[in-house]
Amino acid sequence: GEGDDSKLAALAVGQQIEIMDIADLAQASYDMPRDVQKVFTNLMSGSINHLAAFTNAIDRETPE
């Protein structure tokens, strides 16, 4: 139904935001000191986990 479509659209937006965050963090950490890179790596790990969660949710909402 219509609610399912809007839920799927919201999940897709979340997925795209995480993809952009990961790319931004990767670029921002380039040429930074090691301790700063470690912070960016931790943030990227969180975004990667979130991305996986969005992707799994999309898979569950999408009919075979």
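Of note:
- Using a cutoff of 8 angstrom between alpha carbon atoms and counting only pairs six or more residues apart, the relative contact order for the chain works out to 48 percent.
- P(r) weight above 19 Å for the chain, C-alpha pairs, percent: 41 percent
- Lys38-Val13 FRET efficiency (beta carbon distance; Förster radius 30 Å; 0.05 resolution): 0.55
- Two-site FRET efficiency, Ala26 against Asn56, from Cβ-Cβ distance with R₀ of 25 Å, rounded to 0.05: 0.65
- Averaged over its residues, the range 16-64 has an accessible area of 78 Å² per residue, based on protein heavy atoms and a 1.4 Å probe.
- Per atom type, the range 22-64 shows carbon and sulfur on 58% of its accessible surface, probed at 1.4 Å.
- Per-residue [θ]222 nm for the chain (sum of -39500 (n - 2.57) over DSSP H runs n ≥ 4, rounded to 500): -31500 deg cm²/dmol
The values are calculated or read from the model by the stated rules, or taken from the named source; none is laboratory data. This is a predicted model, so every value here is computed, not measured. Note that we place each Cβ from the backbone using ideal geometry, even for glycine, and neighbour counts take in every protein chain shown. Surface accessibility is based on the protein's heavy atoms, side chains included, excluding ligands, DNA and RNA. Shrake-Rupley method; radii C 1.70, N 1.55, O 1.52, S 1.80 Å.
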